[in-house]
1. Treating each Cα of the stretch 75-117 as an identical point scatterer and ignoring solvent, apply the Debye formula and state log10 I(q)/I(0) at q = 0.24, 0.30 Å⁻¹.
2. What's the angle, to the nearest 10 degrees (0 to 90), between helix 52-75's Cα axis and the longest principal axis of the chain?
3. Dipole magnitude of the stretch 1-112 about its Cα centre, charges +1 at Lys/Arg Cβ and -1 at Asp/Glu Cβ only, in debye to the nearest 20?
4. Which percent of the accessible heavy-atom area of the stretch 91-245 goes to carbon and sulfur, probe 1.4 angstrom?
5. Taking the mean number of other Cβ atoms within 10 Å as a proxy for protection, how do you rank 239-252, 6-19 from highest to lowest?
6. Over the alpha carbons of the chain, what is the largest minus smallest coordinate on each principal axis, giving the biggest first in Å?
7. Placing unit charges on C-beta atoms (Lys and Arg positive, Asp and Glu negative, everything else neutral), compute the dipole magnitude of the stretch 137-238 about its Cα centre in debye, rounded to 20.
8. Per residue, how much accessible surface does the chain expose to a 1.4 Å probe? Answer in Å², no decimals.
Amino acid sequence: MIVAFGGMWLKMIQRLGLITVFGSTALFRSLTYKFSLSKVVEQIYIIGVKTLPVVMLISLFTGMVLGIQLYLTLVKFNSEGLLGAAIALTLIRELGPVIAAIMVVGQAGSSMASEIGIMRNDEQIDALETMNIDPLSYLVGPRIIAAMICFPILTAVFDLIGIFGGYLTGVELLGLDPGSYWFRVETQVNFSDVAGGFVKAFCFGILTTVICCYKGFYANVHRGFGARGVSDATTSAVVMSSVTILVADYIITSIVL
């Protein structure tokens, strides 16, 4: 049992090292060898623009639910005037970066893994290598750069709409004074809170994109060629990325911030 447990941890550490080398190599090569702005813009559209409606919808209802739950909690302590600050800090520090990242993984991350996995199965990646085109800088690097740009922006959109959703339930539905709501948001939210949320979003963007691209790039390693290998790689990419987001959130919150 001890041997099996130790072997599991060694395998996990080995895979973590492989993913780290994979991501850092792709980013370095895309920035130093053949930087393609058009590829980055294309991925910004896929990761950012196409995911924006989902993020906006989820953020609105997240803020509305927070408005109801936090209001009912604060009323017990005669502190309902702090609702604006409670919603804003909860979204900016924690829920905004985490939920936005998970939504992007579900929308764009799965697409990355499946697209690259299909290219691997169809031997398109081998064809790129045959034509002396580095597949890491051509396929993976632009996606990482685009994620570094899009994740903080999507997080900011999530925070703003979520705060507005909290306003709808707290002020329009439950009757809280609107001046008190916005005053608490303005006075209690500091630059360090916003910066911390952006740091998380930036890290989540790099981690999840590298994981999704890695799973797609090596989709045929464990399950072989075919639809089964691509589907397993896509599922594994989404699950692993979601878990990584939560683990990284704890690490950044407890150590860095």
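The values are calculated or read from the model by the stated rules, or taken from the named source; none is laboratory data. Source: prediction; values computed, not measured. When we count neighbours, we look across all protein chains shown, and the Cβ atoms used for this are built from the backbone with ideal geometry, even at glycine. Areas reflect the complete protein model, heavy atoms only, side chains present, ligands, DNA and RNA absent. Shrake-Rupley method; radii C 1.70, N 1.55, O 1.52, S 1.80 Å.
1. -0.79, -0.92
2. In the chain, helix 52-75 runs at an angle near 40 degrees to the longest axis.
3. Working: 8 positive and 3 negative charges, 89 e Å.
For the stretch 1-112, the charge dipole is close to 420 debye.
4. On the way: 4120 of 6500 Å².
Using a 1.4 Å probe with all protein chains present, the stretch 91-245 comes out at 63 percent carbon and sulfur.
5. Working: 239-252: 16.4, 6-19: 10.9.
For the peptides 239-252, 6-19, the packing ranking is 239-252, 6-19.
6. So the extents along the principal axes, rounded to whole Å, are 67, 52, 32.
7. Numbers: 6 positive and 6 negative charges, 138 e Å.
Magnitude of the dipole: close to 660 debye.
8. Result: 52 Å² of accessible area for each residue.
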